[in-house]
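Here is the structure we will look at, set down as structure tokens.
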Amino acid sequence: MDHLVLTVIAPDKPGQVERVAQCIAEHGGNWLESSMAHMAGQFAGILRVGVPAEAYDELVGALQGLSSHGIRVLIAERSGVAQSCEWKPIAMDLVGNDRPGIVRDITALLSKHGVNVERLSTDVRPAPMSSDPLFHADAVLAVPLTLSLETLQQALETLADDLMVELNLRTEP
């Protein structure tokens, strides 16, 4: 069984997910995991599909054919990279005053320490009392086993002080 990682973007309207799911099923694929959202009138998603090796090329062609319905599908190249257990999952919650560059600054620090962002969800909401825009981020990080949680916490807290944010790290179960 081969795996495909797809990015899908299309105008948001009923039936778009069904059309993608139907295409996958018709070609022997198995929808394994996904994350999808509606943003600015568009439907966007990323998903992982299992497909028998003999049906791989046919499924790829059919997915690309969805463009006739306004559905753009980007397919990641096959990768022979094996998953390793050289990291530990850490959850990160962050809230602070919104400003340009906040994601860049946080991810630059994480990258510098060899931390991979596995999952990231962000939004901006009004503060409860003042209605000032507050930036919220929830992430799952893949932290190298060689990096202590205390060292990462210290580095992020230094940055958090500069950015005026509240930061919480916790071990994922």
State whether the residues of the range 74-92 include one that is free of Cβ contacts under 8 Å to residues at least 60 places away in the same chain and in contact with an Asp or Glu (Cβ under 8 Å, 6 or more places away or on another chain).
-> no
Only listed residue being in contact with a helix residue (DSSP H, G or I) (Cβ under 8 Å, 6 or more places away or on another chain), at pLDDT below 95 and either farther than 30 Å from L163 by Cβ or not assigned by TED's automatic domain parsing to the domain that holds Q153 (or both), chosen from V81, V73, V51, V20 | V51
Say we look at the range 115-173 and pick out the residues that are exposed (fewer than 14 other Cβ atoms within 10 Å of the Cβ), farther than 16 Å from E86 by Cα and of a type in the set (A, V, I, L, M); which of these is modelled with the highest pLDDT?
-> V124
Check the range 135-147 and report whether any residue there is outside the structural domain of A40 (by TED's automatic domain parsing) and either of a type in the set (S, T, N, Q) or part of a helix (DSSP H, G or I) (or both).
-> yes
For I106, are the conditions met, namely being of a type in the set (V, I, T) and in contact with a Leu (Cβ under 8 Å, 6 or more places away or on another chain)?
-> yes
Search the range 17-44 for residues being part of a strand (DSSP E or B) and of a type in the set (A, V, I, L, M, F, W, C), and hand back the single one that is surrounded by the most Cβ atoms within 10 Å (Cβ to Cβ).
-> F43
In the set G65, G101, G70, the lone residue that is free of Cβ contacts under 8 Å to residues at least 60 places away in the same chain and on the phi > 0 side of the Ramachandran plot is G101
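The values are calculated or read from the model by the stated rules, or taken from the named source; none is laboratory data. Not measured: the values here are computed from a predicted model. FYI the Cβ positions are ideal-geometry reconstructions off the backbone, even for glycines, and counts take in every protein chain you see.
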